[in-house]
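Student: Below are the structure tokens for one structure; questions will follow.
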Amino acid sequence: ALMITDECINCDVCEPECPNDAIYMGVEIYEIDPNKCTECVGHFDEPQCVQICPVECIPLNPAWEESKEQLHAKYERLTATK
Ligand code: SF4
Ligand code: SF4
């Protein structure tokens, strides 16, 4: 999963781009729910939020390192429960 750092300027552009609805407004800045972020695996070749973020504040979440297989399994789980 990816994460949003405190460099976030709350510009709002990433939230509607996420195919998994993983991005939400937190207490002060936007946040990513790691249970929902597939790094866009299953939807797009590149993470859409990273592509669009003007301040490049969306790195990999070091606490949530996942393989492509794990990310794809998460995608399958998320789409199965929709
Ligand atoms: Fe959503 Fe993709 Fe960004 Fe993860 S990488 S938060 S799934 S847009
Ligand atoms: Fe924050 Fe970047 Fe999302 Fe804008 S695009 S709200 S700066 S994380």
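The values are calculated or read from the model by the stated rules, or taken from the named source; none is laboratory data. Everything quoted here is computed from the prediction, not taken from an experiment. Every residue, glycine as well, gets a Cβ built from its backbone with ideal geometry; the counts of neighbours run over all protein chains shown.
Student: Among the residues of the stretch 1-25 satisfying the criterion of being in contact (Cβ under 8 Å) with a residue 12 or more places away in the chain and not in a loop (DSSP other than H, G, I, E, B), which is surrounded by the fewest Cβ atoms within 10 Å (Cβ to Cβ)?
Tutor: 25
Student: Applying the selection to the stretch 26-79, what residues are among the β-branched types (Val, Ile, Thr), within 11 Å of ligand 1 (Cβ to nearest atom) and in a helix (DSSP H, G or I)?
Tutor: Looking only at the stretch 26-79, we keep the residues that are among the β-branched types (Val, Ile, Thr), and these are 27, 29, 32, 38, 41, 50, 52, 55, 58, 79.
Remaining after also requiring within 11 Å of ligand 1 (Cβ to nearest atom): 32, 38, 41, 50, 52, 58.
Listed by number, the residues that qualify are 50, 52.
Student: If you don't mind, another one. If you go through the stretch 26-36, how many residues are surrounded by 15 or more Cβ atoms within 10 Å (Cβ to Cβ) and either over 14 Å from residue 74 (Cβ atoms) or polar (S, T, N, Q) (or both)?
Tutor: Filtering the stretch 26-36 down to residues surrounded by 15 or more Cβ atoms within 10 Å (Cβ to Cβ) leaves 30-32, 34, 36.
From what's left, either over 14 Å from residue 74 (Cβ atoms) or polar (S, T, N, Q) (or both): 30-31.
The total comes to 2.
Student: Taking only the stretch 50-64 into account, find how many residues are closer than 17 Å to residue 33 by Cβ, surrounded by 11 or more Cβ atoms within 10 Å (Cβ to Cβ) and either of a type in the set (A, V, I, L, M) or modelled with pLDDT under 95 (or both).
Tutor: Qualifying residue count for the region: 3.
Student: Determine whether residue 39 is within 13 Å of the chain's Cα centre (by Cα) and buried (at least 17 other Cβ atoms within 10 Å of the Cβ).
Tutor: On the way: within 13 Å of the chain's Cα centre (by Cα): yes; buried (at least 17 other Cβ atoms within 10 Å of the Cβ): yes.
Spelling it out, residue 39 is indeed within 13 Å of the chain's Cα centre (by Cα) and buried (at least 17 other Cβ atoms within 10 Å of the Cβ).
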